[in-house]
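The values are calculated or read from the model by the stated rules, or taken from the named source; none is laboratory data. Since this is a predicted model, take the numbers as computed values, not measurements. When we count neighbours, we look across all protein chains shown, and the Cβ atoms used for this are built from the backbone with ideal geometry, even at glycine. For the accessible areas, the whole protein counts, side chains as well, though only heavy atoms, and no ligand, DNA or RNA atoms are used. Shrake-Rupley method; radii C 1.70, N 1.55, O 1.52, S 1.80 Å.
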Amino acid sequence: VYIVRSWIELQTSPFEESDFVSLFTRLRSSVASSLGNKLVQLSEIKSRDTLLDLGCGPGLVARAILRRRELRCALLVDRSLPMVLAARANLKKIGNKCQIMRLDLERNQGRSQLVTEAPFDHIIAIDLWHLLEHRQIISKFIHDRLLSTNGNLTLALHRDISEKRMKNWHEIRSQVREEISLRMREINNKFEFGTRSRGAVVLHEEVGTYLRELRDSGFYLSRKAEDEDLADINQMVKHLPESFKMEVRRIDPNLPPSVIERIVNSSIRSVLQANKGFVNANIATEVFYVLKKT
Ligand SMILES: C[S@@+](CC[C@H](N)C(=O)[O-])C[C@H]1O[C@@H](n2cnc3c(N)ncnc32)[C@H](O)[C@@H]1O
């Protein structure tokens, strides 16, 4: 059952798709350097330290850290092949102190591959935690097997600014989906969007659950910070057309690109016009939690 479920999750995860990886990389590029800076300061990363980046994505955050600090070694891991390939390309110039591996943290076999390289002085998980199902097993594993005695684990998450704005954002996306579906069905009466993947933003109460679980695994919260400018999801409105074009193309790959372009653009335009006040409002802030062993 677990293998079948993992397979279905992988098939529906946007991170497995090259198009989405390009969009994600573009979004991330705008904040990666500042994110790296922030992590160097908050997690007190020094030259000669070792780093493990869990769910490294396209590797831009680790690259920013490696540009600031001469680390002894860095290991970057992700379960998505297109992400691992992007990370390898983005870190080509960094040299052989950096290793990039494809593995799934939800699986015993994936986690155990990390033990040979442990212990690490710093473990970072940037915008990853909300995507994990077996968080408690993973945090216990990090605590017991991967992190050095005085090391730290730093989580970063996009957290909602207000429930109202979050609802508003979801409503806008739903309205766009409805509008596109209506117009698409005039051409293809079977057109239907699939289930929506887990959004990038974490709610206040979810963060509370994560911190409790981490405490139960033997961590204490040593530092906390937040920075709204680092939440690149706030720029997502700008990228809505690209994101929806990608989704529509996936559902109906035979449609001419010009038709997709026209339908998506006009649907988004009409929904955004009806929600004018929303366009410039931030929906999330990036929160950082530095955890240490008790
Ligand atoms: C939102 S992206 C963040 C990427 C990167 N940390 C950054 O900040 O640019 C989340 C990443 O976690 C990866 N991921 C999700 N679940 C994972 C798992 N179980 N094991 C390894 N990687 C995972 C995804 O493939 C994706 O690349």
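Restricting attention to region 254-289, which residues are under 30 Å from Thr149 (Cβ atoms) and surrounded by fewer than 21 Cβ atoms within 10 Å (Cβ to Cβ)?
Val287
How many residues does region 107-126 contain that are open to solvent by 20 Å² or more (accessible area, probe 1.4 Å) and near the ligand (Cβ under 9 Å from one of its atoms)?
Number of matching residues: 1.
Given (1) within 12 Å of the ligand (Cβ to nearest atom); (2) exposed (fewer than 15 other Cβ atoms within 10 Å of the Cβ); (3) of a type outside the set (Phe, Trp, Tyr), identify the lone condition not met by Gln99.
Unmet condition: (1).
Residues Leu54, Leu42: which one is open to solvent by less than 60 Å² (accessible area, probe 1.4 Å), under 22 Å from Thr285 (Cα atoms) and more than 9 Å from the ligand (Cβ to nearest atom)?
Among Leu54, Leu42, only Leu42 is open to solvent by less than 60 Å² (accessible area, probe 1.4 Å), under 22 Å from Thr285 (Cα atoms) and more than 9 Å from the ligand (Cβ to nearest atom).
Which pairs do you get when a residue that is more than 16 Å from Arg196 (Cα to Cα) and of a type in the set (Gly, Ala, Ser), found in region 231-245, comes within reach of a residue that is assigned to a helix (DSSP H, G or I) and open to solvent by less than 20 Å² (accessible area, probe 1.4 Å), reach meaning Cβ atoms under 9 angstrom, with the pair 6+ apart or on two chains?
Filtered contacts from region 231-245: Ala231/Val31.
Of (1) within 24 Å of Lys38 (Cβ to Cβ); (2) open to solvent by 20 Å² or more (accessible area, probe 1.4 Å), Leu214 satisfies all except one. Which?
For Leu214, the failing item is (2).
Would you tally the residues in region 131-140 being in a helix (DSSP H, G or I), more than 8 Å from the ligand (Cβ to nearest atom) and open to solvent by 10 Å² or more (accessible area, probe 1.4 Å)?
Total satisfying the criteria: 4.
Yes/no matrix, rows are residues, columns are (1) out of contact with any Lys or Arg (no Cβ under 6 Å at 6 or more places or on another chain); (2) at pLDDT 90 or above; (3) polar (S, T, N, Q); (4) open to solvent by less than 40 Å² (accessible area, probe 1.4 Å):
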{"position": "Leu157", "(1), (2), (3), (4)": "yes, yes, no, yes"}
{"position": "Glu163", "(1), (2), (3), (4)": "yes, no, no, no"}
{"position": "Ile172", "(1), (2), (3), (4)": "yes, yes, no, yes"}
{"position": "Glu192", "(1), (2), (3), (4)": "yes, yes, no, no"}
{"position": "Glu205", "(1), (2), (3), (4)": "yes, yes, no, no"}
{"position": "Asn234", "(1), (2), (3), (4)": "yes, yes, yes, yes"}
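For the list (1) within 14 Å of the ligand (Cβ to nearest atom); (2) open to solvent by less than 50 Å² (accessible area, probe 1.4 Å); (3) charged (D, E, K, R), I need the number of the one condition that Asp49 fails.
Failed condition: (1).
State which residue is surrounded by the fewest Cβ atoms within 10 Å (Cβ to Cβ) when the search covers only region 57-73 and only residues that are over 13 Å from Asn37 (Cβ atoms) and in contact with a helix residue (DSSP H, G or I) (Cβ under 6 Å, 6 or more places away or on another chain).
Filtering region 57-73 for residues that are over 13 Å from Asn37 (Cβ atoms) and in contact with a helix residue (DSSP H, G or I) (Cβ under 6 Å, 6 or more places away or on another chain), the one surrounded by the fewest Cβ atoms within 10 Å (Cβ to Cβ) comes out as Gly57.
Kindly establish whether Arg79 is within 11 Å of the ligand (Cβ to nearest atom) and either closer than 19 Å to His158 by Cβ or touching a helix residue (DSSP H, G or I) at 6+ places or on another chain (Cβ under 9 Å) (or both).
On the way: within 11 Å of the ligand (Cβ to nearest atom): yes; either closer than 19 Å to His158 by Cβ or touching a helix residue (DSSP H, G or I) at 6+ places or on another chain (Cβ under 9 Å) (or both): yes.
Spelling it out, Arg79 is indeed within 11 Å of the ligand (Cβ to nearest atom) and either closer than 19 Å to His158 by Cβ or touching a helix residue (DSSP H, G or I) at 6+ places or on another chain (Cβ under 9 Å) (or both).
Which one of Leu182, Leu131, Leu114, Leu153 is more than 22 Å from the chain's Cα centre (by Cα) and not small (Gly, Ala, Ser)?
Working: Leu131 fails: more than 22 Å from the chain's Cα centre (by Cα); Leu114 fails: more than 22 Å from the chain's Cα centre (by Cα); Leu153 fails: more than 22 Å from the chain's Cα centre (by Cα).
Just a single option satisfies the conditions, and that option is Leu182.
State all residues of region 190-222 that are of a type in the set (A, V, I, L, M, F, W, C) and either in a loop (DSSP other than H, G, I, E, B) or under 20 Å from the mean Cα position of the chain (by Cα) (or both); if no residue qualifies, say none.
The answer is Phe191, Phe193, Ala200, Val201, Val202, Leu203, Val207, Leu211, Leu214.
Looking only at region 186-230, which residues are among the small types (Gly, Ala, Ser) and either touching a Cys at 6+ places or on another chain (Cβ under 6 Å) or touching a residue at least 24 places away in the same chain (Cβ under 8 Å) (or both)?
Narrowing region 186-230 to residues among the small types (Gly, Ala, Ser): 194, 197, 199-200, 208, 217-218, 222, 225.
Matches in region 186-230: Gly194, Ser197, Gly199, Ala200, Ser217, Gly218, Ser222, Ala225.
What pairs come out if I take residues in region 61-79 that are over 11 Å from Ile100 (Cα atoms) and pair them with residues that are within 11 Å of the ligand (Cβ to nearest atom) and in a strand (DSSP E or B) whose C-beta lies under 6 Å away, six or more apart or interchain?
That search, which allows pairs on different chains as well, returns Val61/Ile126.
Condition (residue is farther than 25 Å from Glu16 by Cα and of a type outside the set (Ser, Thr, Tyr)) applied to region 101-116: is it met by at least one residue?
Yes: region 101-116 contains one or more residues that are farther than 25 Å from Glu16 by Cα and of a type outside the set (Ser, Thr, Tyr).
Only one of these is farther than 22 Å from Lys46 by Cβ and out of contact with any Cys (no Cβ under 9 Å at 6 or more places or on another chain): Arg72, Arg145. Name it.
Numbers: Arg72 fails: farther than 22 Å from Lys46 by Cβ.
After applying the criteria, what remains is Arg145.
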